[in-house]
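Q: Have a look at the structure that comes next, please.
The values are calculated or read from the model by the stated rules, or taken from the named source; none is laboratory data. For clarity, every value in this text was computed on a predicted model and none was experimentally measured. Virtual Cβ from ideal backbone geometry, glycine too; neighbours counted across all protein chains shown. Remember, those area values only see protein heavy atoms, side chains included, never the ligands or the DNA or RNA. Shrake-Rupley method; radii C 1.70, N 1.55, O 1.52, S 1.80 Å.
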Amino acid sequence: MNKPLNQVLIIFGASGDLTKRKLIPALYELFIQNLLPDKFAVLGVSRTKLSDNEFRERMDGFLPKTNQAKSFKELLFYEPLGTSEKEGYQLLKQRLGKLGDELGIPANYIYYLSTPPSLYSVIPKNLHEVGLSKSENHFRRLIVEKPFGTDLASAKELNVKLLHYFDEKQLYRIDHYLGKETVQNMLVTRFSNGIFEPLWNQNFIHHIEITSAESLGIENRGGYYDHSGALRDMVQNHLLQLVGMVAMEPPGVIEADAIRNEVLKVFQAIRPIPENQVSRHVIRGQYTGSVINNKKVNGYRDEVGVDNFSRTETYVALKFFIDNWRWAGIPFYIRTGKMLPTRVTEIVIHFKHVPHQLFGSKGGYSPVNNQLVIRIQPDEGILLKIGMKTPGAGFNVQTTNMDFHYSDLSNEHLPSAYERLLLDCMQGDATLYARGDAVEEAWRFVQPILSAWQANAEIPIYGYPAGTWGPDCADDLIIGNTWRYPCKNLTNDGLYCEL
Ligand code: BG6
């Protein structure tokens, strides 16, 4: 792989959590693998007054205590700046010039916005005004973290503002789910094997289920989460991106716009749920206090930063359709929640039954449910459930698992999402970043649900005890079927697998 051009990564909001927990460890991994540019620096920027050394020390707890980590830290620099204050940007420009001269790095810059969203349009404007947004001879790229807007109108507004100062080609809207190895593997599974794609349509697939369960609650993020909720936090971005990958047509080539055009077409074809049908197709829930493993846990409303009467959903399950040739009439189901019994993200493709049942199972004549389970995390892998003959007399069928675990690939380094995405941006590859039009389309689908919830307090929000699989009525969404209740490991499932 060619190394990226020499460049500086400027992180706005560098004193925040994302920098030390995700960005710096990801950069360190790239450093270890010798994938960073030959000449490279990170300039952390935020309001807190720190020297280069103090900034490096703050990263200590998130890096190993090795000589390699020591050398890596020499690539880290810091500039204090009130990011909303125009005057500071001249100083930033001077600092970048000085760093470039000292380290011999040309003025190729990536700006990473890891700040409160209210600054997403302010920083680009200020960069533009001091001539740091466009350049003929060097690249300037802008990575924007989620949330990208809080509804359709604000997402559109943000796109307009960003495009005032940067071109679409310079914008990298990050969705860390697209950086997950197993999400990319979905494209390889689908488009490099001759056996799946012929079945990948409404002729053979009965329904598709996507689950993203988290066993943790909202941690210390009450202030943010209470204004967001599961639909905005997980569905509008991460889980719809998974839908894009699973439902898209094969792109002509593996290239940013070819792939992103196909994802956009999927989003354009998702049938919006009319406001007056939201209560039938969307179930929302909120965790209540309970006891897990003999430990008392708080209900959502008792969490710090959360309103005592909050109606913010910590769980959401929904059913929708994609109106196109491939998926006509096939239901898609999405479910996500906090404080569920385990942490797991997976996509389950449920195939249709054989047209005529020849064989029975020990308990009678229940048909085999062929499922392809694509495990995004943890225990990444793929599993196919097929019917096999039970040894012995007669023709009894039992369902068995054919499974592949990533962990079986010995010594393969599974890069973290941020590692992969940062490297892609350094290389100028936006394939795994969301494009503005697709982000707006995803909001277009989510908006009527938000509007219905806002306008109609009668739509129930169901309580579910922390540590359970969410409101029971979510099962009623899948008529004649049920959700898969997955365990941490890929192969086991069942109602009571893990609590
Ligand atoms: C974030 C959400 O974008 O994704 C969090 O804000 C959520 O609420 C997280 O916990 C899930 O990411 P992952 O990679 O742990 O599945």
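Q: Search the structure for amide H atoms under 5 Å from the amide H of residue 297, placed 1.01 Å from N in the peptide plane, and list their residues when 5 or more places away or on another chain.
A: Excluding prolines and chain starts, which carry no amide H, the hits are 290, 291, 292.
Q: Could you tell me the extents of region 186-345's C-alpha atoms along the three principal axes, largest first, rounded to whole Å?
A: 51, 35, 30
Q: Tell me the net charge near residue 322. Cut-off is 15 Å between Cβ atoms, residue 322 excluded, with +1 for each Lys or Arg and -1 for each Asp or Glu. Provide the component values of the computation, followed by the final result.
A: Numbers: positive: 265, 271, 319, 326, 444; negative: 209, 249, 262, 323, 441.
Cβ neighbours under 15 Å give a net charge of 0.
Q: Let me ask something else about it. Mind checking Rg over Rh on region 264-371, alpha carbons, Kirkwood formula for Rh?
A: Looking at region 264-371, the ratio lands at 1.09.
Q: Also, I was wondering about something else. Keeping the other protein chains in place, figure out the carbon and sulfur percent of the accessible area of the chain, with a 1.4 Å probe.
A: 52
Q: Still on this model: Mind grabbing the accessible area of residue 323 for me, 1.4 Å probe, Å², rounded to tens?
A: Accessible area of residue 323: about 80 Å².
Q: Sticking with this one: Could you estimate the translational diffusion coefficient of region 355-394 from the Stokes-Einstein equation, with Rh from the Kirkwood formula over C-alpha pairs, at 10 °C and 1.306 mPa s, in whole µm²/s?
A: On the way: Rh = 12.4 Å.
Calculated translational D: 128 µm²/s.
Q: A further question follows. Size of the dipole of region 112-226 about the Cα centre, Lys and Arg at +1 and Asp and Glu at -1 on the beta carbon, nothing else charged, in debye to 20?
A: Here the size comes out at about 380 debye.
Q: For 210, 32, what's the largest-to-smallest order of accessible area, 1.4 Å probe?
A: These residues rank, largest area first, as 32, 210.
Q: How far, in degrees from 0 to 90, does helix 436-455 lean away from the longest principal axis of the Cα atoms of the chain, to the nearest 10?
A: 60
Q: Something else: Each label point is 7 Å from the Cα along the Cα-to-Cβ direction; what then is the distance between the points at residue 353 and residue 71, in nm?
A: With each label placed 7 Å out from Cα toward Cβ, I get 6.3 nm.
Q: Please turn the phi angles of region 388-399 into ³J(HN,Hα) values with the Karplus equation 6.51 cos²θ - 1.76 cosθ + 1.60 (θ = phi - 60°), one per residue in order, whole Hz, x for glycine and proline.
A: 9, 6, 6, x, x, 5, x, 10, 7, 10, 10, 8
Q: Pairwise over distinct Cα atoms, reciprocal of the mean inverse distance: report the Kirkwood radius of region 110-264 in Å, one decimal place.
A: Roughly 18.0 Å, rounded to one decimal.
Q: Accessible area, 1.4 Å probe, largest first: how do 233, 38, 226 sort? Each step should come with its number before you reach the end.
A: Values: 233 5, 38 120, 226 25 Å².
Per-residue accessible area, sorted high to low, gives 38, 226, 233.
Q: For region 42-89, take N as its residue count and report Rg(C-alpha) divided by 2.2 N^0.38 Å. Write out the running numbers ahead of the final one.
A: Details: Rg = 12.4 Å, N = 48, 2.2 N^0.38 = 9.6 Å.
Scaled against compact globular proteins, the figure is 1.29.
Q: Of all DSSP beta bridges located in the chain, what percent are antiparallel, nearest 5?
A: Here the share of antiparallel DSSP bridges comes out near 55 percent.
Q: For region 19-25, in order, what is each residue's ³J(HN,Hα) by Karplus, 6.51 cos²θ - 1.76 cosθ + 1.60 with θ = phi - 60°, in whole Hz (x at glycine and Pro)?
A: So the Karplus estimates, Gly and Pro as x, are 4, 6, 7, 10, 5, 5, x Hz.
Q: So for region 1-121, what are the equivalent ellipsoid semi-axes in whole Å, largest first, each being the square root of 5 times an eigenvalue of the Cα gyration tensor?
A: 22, 17, 13
Q: I need the per residue convex hull volume for the chain, using only the alpha carbons, in cubic angstrom as a whole number.
A: Cα-based convex hull of the chain, divided per residue, equals 174 Å³.
Q: Please give every one of the aspartates and glutamates within straight-line cross-link reach of residue 20, meaning a C-alpha to C-alpha distance under 14 Å, and leave out same-chain neighbours fewer than 8 residues apart.
A: 29, 54, 57, 60, 419
Q: Quick one: accessible area per residue over region 108-213, 1.4 Å probe, rounded to a whole number of Å²?
A: Roughly 38 Å² per residue, with all protein chains present.
Q: Against the longest principal axis of the chain, how steep is helix 181-192, in degrees 0 to 90 to the nearest 10, with axes from Cα atoms?
A: 60
Q: Could you order 408, 52 so the one with the most accessible surface comes first? Probe is 1.4 Å. Can you show the working numbers first?
A: On the way: 408 105, 52 45 Å².
My answer, sorted largest first, is 408, 52.
Q: Each residue of region 118-128 in order: what ³J(HN,Hα) in whole Hz does its phi give by Karplus 6.51 cos²θ - 1.76 cosθ + 1.60, θ = phi - 60°, with x for Gly and Pro?
A: For region 118-128, the Karplus curve yields 4, 9, 4, 9, 6, 5, x, 5, 5, 5, 4 Hz.
Q: Can you tell me, using C-alpha contacts under 8 Å and at least 6 residues apart, the relative contact order of region 370-421 as a whole percent? Write out the running numbers ahead of the final one.
A: Numbers: 64 pairs, mean separation 14.8, N = 52.
Taking the mean separation of contacting Cα pairs over the length of region 370-421, I get 28 percent.
Q: Keeping all protein chains in the complex and leaving out DNA, RNA and ligands, what accessible area do you get for residue 196 with a 1.4 Å probe, in Å² to the nearest 10?
A: 40
Q: Let me ask something else. Please tell me which of these pairs span more than 26 angstrom C-alpha to C-alpha: 39/70; 22/134; 146/169; 49/98; 3/73? Before the final figure, lay out the partial values.
A: Numbers: 39/70 17 Å; 22/134 28 Å; 146/169 18 Å; 49/98 19 Å; 3/73 20 Å.
Among 39/70; 22/134; 146/169; 49/98; 3/73, the Cα-Cα distance tops 26 Å for 22/134.
Q: Can you give the accessible area of residue 3 in Å² (nearest 10), computed on protein heavy atoms with a 1.4 Å probe?
A: The accessible area comes out at roughly 70 Å².
Q: Please state the relative contact order of the chain as a whole percent: Cα pairs under 8 Å, 6+ residues apart?
A: Numbers: 924 pairs, mean separation 85.7, N = 499.
Over the chain, the number comes to 17 percent.
Q: If every alpha-carbon in region 107-188 counts as one equal scatterer, what log10 I(q)/I(0) does Debye give at q = 0.12, 0.17, 0.19, 0.25 1/Å?
A: Result of the Debye calculation: -0.39, -0.72, -0.85, -1.21.
Q: Placing +1 at every Lys and Arg Cβ and -1 at every Asp and Glu Cβ, with all other atoms neutral, what dipole size does the chain have around its Cα centre, in debye to the nearest 20?
A: For the chain, the charge dipole is close to 240 debye.
Q: Follow-up question, since we're still on this one. So if we plug the beta-carbon distance of residue 227 and residue 395 into 1/(1 + (r/R0)^6) with R0 = 56 Å, what FRET efficiency do we get, rounded to 0.05?
A: 0.45
Q: Taking the Cα centre as origin and putting +1 on Lys and Arg beta-carbons and -1 on Asp and Glu beta-carbons, what dipole magnitude results for region 1-87, to the nearest 20 debye? Walk me through the intermediate numbers first.
A: Details: 13 positive and 11 negative charges, 40 e Å.
In debye, rounded to 20, region 1-87 gives about 200.
Q: Based solely on its DSSP helices, what 222 nm [θ] is calculated for the chain when runs of n ≥ 4 H residues each add -39,500 (n - 2.57) and the sum is averaged over all residues, nearest 500 deg cm²/dmol?
A: The per-residue figure over the chain is -8000 deg cm²/dmol.
Q: Give the accessible surface of region 1-69 per residue, rounded to a whole number of Å², with probe radius 1.4 Å and ligands, DNA and RNA excluded. The partial results should precede the final answer.
A: Values: 3370 Å² over 69 residues.
That works out to 49 Å² for each residue.
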